[in-house]
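The values are calculated or read from the model by the stated rules, or taken from the named source; none is laboratory data. Everything quoted here is computed from the prediction, not taken from an experiment. Methodologically, a virtual Cβ is constructed for each residue, glycine included, from the backbone with ideal geometry; neighbour enumeration extends over all protein chains shown. Side chains are part of the model used for accessible areas, which takes the heavy atoms of the whole protein and leaves out ligands, DNA and RNA. Shrake-Rupley method; radii C 1.70, N 1.55, O 1.52, S 1.80 Å.
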Amino acid sequence: MKVTWEEAGLGESGWEELSPYAGRCRLPVWDCTAGLVAGEDAALMIDAGSSVREGAWLRTRARRALGGGRSLGGGRVTHLALTHPHFDHVFGAAAFAGVEVFGAAGAERVLADEREELFADAVRNGADPEEAAEAADLLVRPRHLVTGERTLDLGGGRRVLLANVGPGHTGHDLAVLVSGSGSGSPEIVFCGDLVEESGEPQAGPDAVPSHWPAALDRLLALGGEDALYVPGHGAVVDAAFVRAQRDALARRFDVP
């Protein structure tokens, strides 16, 4: 039987409802998004927070949402999608032991070979050095690598599409499409940091600006005009916002 977030106690556990089966949190300090999508048999977390402590907090909050009322997703997170290999989105992954981890192909190499750079970036941006060192030591690499698109069946007719839409913000950007088909809910696209609402999109040394506008074109093709677009930082936006940000990036980086 399909169960809504309200029946599962979403409000009590602090998730912002996006549809009857999808929600998200805005995490403190860096205003990062973490998402949660539930089917009858499985549940997907999207991004893991900026520390092992924050990841554990997310997992506990997810368990409350999934286990309240009638159980959703088997009552626990079973899958984790990492949208890109930056500390504020992946350092909490070690808190999700036993979960199937997905990422864009190539992200696993960054997480294997650039631990020191990720640690340094975390500390430079204000992370607690001890927490950052712990997270870097325990860094989890995705086992399931997405090169094009991959569909996850969460049970009860709830499917999500993982799409490797980068490069853009990084060399390895993964988007997550939650279909609204048959539920009367809009399509939902979790964008990672390809889209930011609470500040200007950040282009670090691993960004690929020449391809970033094209990555946003792919996001828009995935979701369409009526979708909800969930940025890596900030409030949920619409297609017009994504298109305007795409055009601003094209002007900023002199890309057609």
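Quick check, is Gly156 over 15 Å from Gly106 (Cβ atoms) and open to solvent by less than 50 Å² (accessible area, probe 1.4 Å)? Talk me through it step by step, then tell me what you get.
Details: over 15 Å from Gly106 (Cβ atoms): yes; open to solvent by less than 50 Å² (accessible area, probe 1.4 Å): yes.
Answer is yes for this residue.
List pairs: first residue in region 237-252 and closer than 18 Å to Val165 by Cβ and assigned to a strand (DSSP E or B), second residue open to solvent by 60 Å² or more (accessible area, probe 1.4 Å) and modelled with pLDDT of 95 or more anywhere in the structure, Cβ distance under 8 angstrom, at least six positions apart or on different chains.
From region 237-252, the pairs are Val237/Glu197.
Can you find, within region 27-51, the residue that is most open to solvent (accessible area, probe 1.4 Å) among those that are more than 16 Å from the chain's Cα centre (by Cα) and farther than 24 Å from Gln202 by Cα? Walk me through it before giving the result.
Restricting attention to region 27-51, the residues satisfying the condition of being more than 16 Å from the chain's Cα centre (by Cα) are 29, 39-42.
Checking the rest, the ones that are also farther than 24 Å from Gln202 by Cα come to 39-42.
Working: Gly39: 5, Glu40: 72, Asp41: 108, Ala42: 10 Å².
Among residues in region 27-51 that are more than 16 Å from the chain's Cα centre (by Cα) and farther than 24 Å from Gln202 by Cα, the one most open to solvent (accessible area, probe 1.4 Å) is Asp41.
Kindly indicate the residue of region 77-92 that is hydrophobic (A, V, I, L, M, F, W, C) and either surrounded by fewer than 23 Cβ atoms within 10 Å (Cβ to Cβ) or in contact with an Asp or Glu (Cβ under 9 Å, 6 or more places away or on another chain) (or both) and also nearest to Leu161 (Cα to Cα) among those meeting that condition.
Taking region 77-92 and keeping what is hydrophobic (A, V, I, L, M, F, W, C), we get 77, 80-82, 87, 90-91.
Cutting the leftovers down to either surrounded by fewer than 23 Cβ atoms within 10 Å (Cβ to Cβ) or in contact with an Asp or Glu (Cβ under 9 Å, 6 or more places away or on another chain) (or both) gives us 80-82, 87, 90-91.
Details: Leu80: 13, Ala81: 11, Leu82: 13, Phe87: 24, Val90: 20, Phe91: 23 Å.
In this case the residue turns out to be Ala81.
Looking at (1) in contact (Cβ under 8 Å) with a residue 40 or more places away in the chain; (2) open to solvent by 50 Å² or more (accessible area, probe 1.4 Å), can you tell me which one Glu114 breaks?
Glu114 satisfies all of (1) in contact (Cβ under 8 Å) with a residue 40 or more places away in the chain; (2) open to solvent by 50 Å² or more (accessible area, probe 1.4 Å) except (1).
How many residues does region 161-202 hold that are of a type in the set (A, V, I, L, M), under 18 Å from Ala105 (Cα atoms) and open to solvent by less than 10 Å² (accessible area, probe 1.4 Å)? If you could, list the steps in order and put the result at the bottom.
So in region 161-202, the residues of a type in the set (A, V, I, L, M) come out as 161-163, 165, 174-178, 188-189, 194-195.
Narrowing further to those that are under 18 Å from Ala105 (Cα atoms): 161-163, 165, 174-177, 194.
Filter again for open to solvent by less than 10 Å² (accessible area, probe 1.4 Å), leaving 162-163, 165, 174-176, 194.
So the answer is 7.
So which residues in region 121-144 are under 20 Å from Val101 (Cβ atoms) and open to solvent by 70 Å² or more (accessible area, probe 1.4 Å), if there are any at all?
Glu134, Asp137, Leu138, Arg141, Arg143
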